[in-house]
Amino acid sequence: MNKLLSYYQKELRFLKEHGKVFARRFPKIARRLGFVEGESEDPHVSRLIESFALLTSRIHQRLDDDIPEVVDALLSTLAPQFLRTLPSACIVTITPDILRSGITDKNLFDAGTFLFTRQNPELPYQFKTVYPVTLLPISINEATLCFDSDELSWKLRLFFQVWPGAKLFNERVRLFLHGPVNAVNTLYTLLCSEVERLILRQNDISISLDPNALSSVGFAVDEALLTPDPRIAPIHILLMDYFWFPQKFSFIDIQLPEGFSVQANGEFELEVVLKRNALTERLEKMAVLVDKNFFRLNCTPAVNLFPQRAEPITLTNSMPDYPIVPDVRHQNQIHVWAVHQVSVQRKVNNSIEHIPVLPLLESHISSANEHDSGLNWQVLRREIPSGNGLELKHFIAFSEHKARPLSSSPEIVTINMTCTNHELPRQLKYGHPDGDFDSSAPIAGLNITSLTHPSSPVNPLEKSAVRWHFLSQLSLNHQLLDGKQGAQRLKDMLALYNIAGDTEKARLVSMIKNLSCEPVTARLISNDPHSIARGISISLTFSHDALREPDYYLLCCLLDRLLALYAPVNSFTRLTTSIEQEAQTTRIWPVRAGRLSWL
């Protein structure tokens with residue numbers, strides 16, 4: 001609003017200055033208007049001039065903002081993630097009661113299960129789980145991180161026990177690393193990339209496991225915090241997850257070997273021997289932090305998103321657009337996140353038909369049939385004055401692409417969408433011993449508690465110039481990232497995803513020092529001579545300061561997937577990352593071909 005005021009004052013000065021010029025050139029007309037030195041003595045004319053200045057100032061501001069309506073329309077079709085609020089998210093733990101749950105084998109708590117806060121009973125806030133949780137009848141009795149002076153190596157030891165009356169087979173055990181951020185990031189990097197040996201012990205029997213039995217979590221398409229969208233490459237959503245809620249990656253999967261089994265009350269141990277490197281030097285200070293509470297079973301990220309049907313809209317010819325109201329009873333508690341489906345209810349031949357309405361910026365070839373509504377819809381976002389300043393509201397506008405049949409009754413529009421409670425979940429208290437959430441899962445005796453306080457929602461950036469930069473990232477050309485400016489372009493690209501303004505992440509991104517690309521020919525399968533293809537070898541170098549950054553490995557994982565999108569058809573990318581002056585940090589990542597298929 002302050003910005004609009006400056007434009008208004010500028011336009012008003014412009015009219016007064018040119019009013020003086022007009023009065024000198026056309027004195028007779030100026031006298032009729034009561035103009036004296038650019039100002040009118042007639043208050044009605046003065047009000048008209050001020051009103052005109054207000055209107056032109058809004059137009060001037062829109063032009064200076066690069067016409068945000070245009071870029072918003074483009075982004076809503078090509079990159080809608082940049083227009084949506086990043087909702088509140090947290091990590092929840094689902095703890096079955098050993099006696100009341102009756103769990104004796106694995107039980108699945110599905111991804112997408114809705115959790116309802118126990119507080120605020122008038123309108124419970126809803127969270128949706130992101131990962132499927134395999135509830136296993138086991139507990140962690142002890143966890144230690146210690147230095148073995150005989151082998152001169154650090155060892156992590158985890159001790160598990162099976163519940164009474166239960167049994168465990170070769171399942172995948174998922175652990176969430178819960179503790180101080182630096183300790184979690186350091187141990188996560190070591191477990192994912194610096195494991196020398198992995199040993200499973202049971203009843204005095206030791207089994208050597210492949211270090212790959214430990215794997216990271218959160219990089220799959222169906223593991224994104226936000227709802228998958230076919231218009232968005234999964235890596236772009238993962239980048240937003242990384243800058244917005246990186247705790248979702250702090251999970252480790254342990255794959256137990258084939259034929260493994262433990263009976264009731266049985267115990268087993270997992271020993272992880274870590275390689276010596278710069279990060280292990282930190283373990284002495286953080287070893288005291290690692291205990292059984294550092295590793296949590298049965299956890300998943302949860303995000304404050306839920307489906308909602310908006311209040312019905314009656315179409316009239318007198319309104320250019322209509323406000324989208326999720327719930328007329330709770331207008332300040334439920335906010336629109338995304339509109340998915342729109343349909344119109346129309347009376348035809350004494351029967352009610354529900355006809356889908358397609359988005360305006362979408363292919364309508366398939367809609368040329370008898371079920372065509374004749375309408376298209378478009379969502380508009382506007383800042384509306386409210387008691388707390390300006391508030392972002394959603395409106396829907398309709399346009400006709402062909403004549404609609406006359407109806408004897410009003411046409412009713414229904415809207416299916418996803419909503420969020422915005423800031424409200426953060427205002428509640430969490431960590432209650434009896435649980436913070438209820439769920440509809442068909443399992444008794446579950447205590448669902450929030451391990452982390454829900455994060456603050458992050459509103460999309462409103463600066464139009466920044467949004468034009470978003471659109472510029474849609475060009476997938478590896479030459480744009482090559483040469484002297486390649487590293488800077490990559491840093492600029494990553495900065496766009498740091499909508500939350502995380503200074504730690506921004507500092508790590510700033511350590512990218514050099515990026516180069518060159519064509520290569522290599523085998524896609526090492527032992528198959530017929531799998532030779534041409535590809536792009538990408539070398540990425542970080543400054544020496546990155547050696548002390550525990551988040552370095554996770555960022556490289558994401559960059560490996562991001563740069564894979566730059567592979568041409570029938571080609572591949574192969575990323576090599578390193579830290580300057582540290583040869584032992586050089587890592588050659590697996591060959592990737594983005595999301596493209598081999599022809």
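Read the figures in this text as sums done on the coordinates, not as results from a lab. Since the model is a prediction, treat every value here as computed from it, not as a measurement. All Cβ positions, glycine included, derive from the backbone under ideal geometry; neighbour counts span all protein chains shown.
Structural remarks
- Here Lys28 is the anchor, and the lysines within straight C-alpha reach of less than 20 Å, apart from those fewer than 8 places off in the same chain, are Lys16, Lys20.
- Pairs beyond 19 Å (Cα-Cα), from Lys155/Lys292; Lys106/Lys167; Lys10/Lys393: Lys10/Lys393
- Restricting the stretch 491-599 to chymotrypsin sites (Phe, Trp or Tyr not before Pro) that sit in a DSSP loop and have at most 15 other Cβ atoms within 10 Å of their own Cβ leaves Trp598.
- Label sites at Glu518 and Asn212, each approximated as a point 7 angstrom past Cα along Cα to Cβ, lie 2.9 nm apart.
- Förster radius 45 Å - calculated FRET efficiency between Leu4 and Asp502 (Cβ-Cβ, nearest 0.05): 0.90
- Approximating the spin labels as points 7 Å out from Cα along Cα→Cβ, the Asp150-to-Asn170 distance works out to 3.0 nm.
- A simple spin-label model places pseudo-atoms 7 Å from Cα toward Cβ; at Ile352 and Gln581 they are separated by 7.4 nm.
- Degrees separating the helix 234-244 axis from the principal Cα axis of the chain, which is the longest one: 90
- Mean-position separation - Cα centroids, the stretch 520-546 and the stretch 22-60, in angstrom: 70
- In loop segments of the stretch 120-195 as defined by DSSP, the chymotrypsin sites (Phe, Trp or Tyr not before Pro) with at most 16 further C-beta atoms inside 10 Å of their C-beta are Phe169.
- Overall shape: prolate for the chain, with the ratio a/c of the largest to smallest alpha carbon gyration tensor axis at 1.5 or above and a/b above b/c.
- Relative to the current alpha-carbon distance between Arg31 and Leu361, full extension at 0.36 nm per residue lengthens the span by 113.6 nm.
- Gyration tensor verdict on the stretch 130-204 (Cα atoms; rounded if a/c is under 1.5, prolate if a/b is larger than b/c, oblate otherwise): oblate
- Global geometry of the stretch 137-297, whether rounded, prolate or oblate, following the gyration tensor of its Cα atoms and the 1.5 cut on a/c: oblate
- Bridging of Lys402 to aspartates and glutamates at a Cα separation below 17 Å is possible for Glu362, Glu370, Asp372, Glu411, once same-chain residues fewer than 8 apart are set aside.
- Sorted peptide list for 280-293, 574-587, criterion being average Cβ within 10 angstrom, highest first: 574-587, 280-293
- Modelled FRET efficiency - R0 45 Å, Ser543 with Arg24, Cβ distances, 0.05 increments: 0.10
- Cross-link reach list, lysines versus Lys513, counting only Cα pairs under 24 Å and skipping chain neighbours closer than eight places: Lys484, Lys491, Lys505
- Dipole magnitude of the chain, debye to nearest 20 (Cβ charges: Lys/Arg +1, Asp/Glu -1, about Cα centre): 1820
- Mean ellipticity per residue at 222 nm, deg cm²/dmol - from DSSP H runs of n ≥ 4 across the chain, formula -39500 (n - 2.57): -7000 deg cm²/dmol
- Ranking Leu168, Ile313, Leu123 by how far each Cα lies toward the positive end of the dipole of the chain (charges on Cβ) leaves Ile313 at the top.
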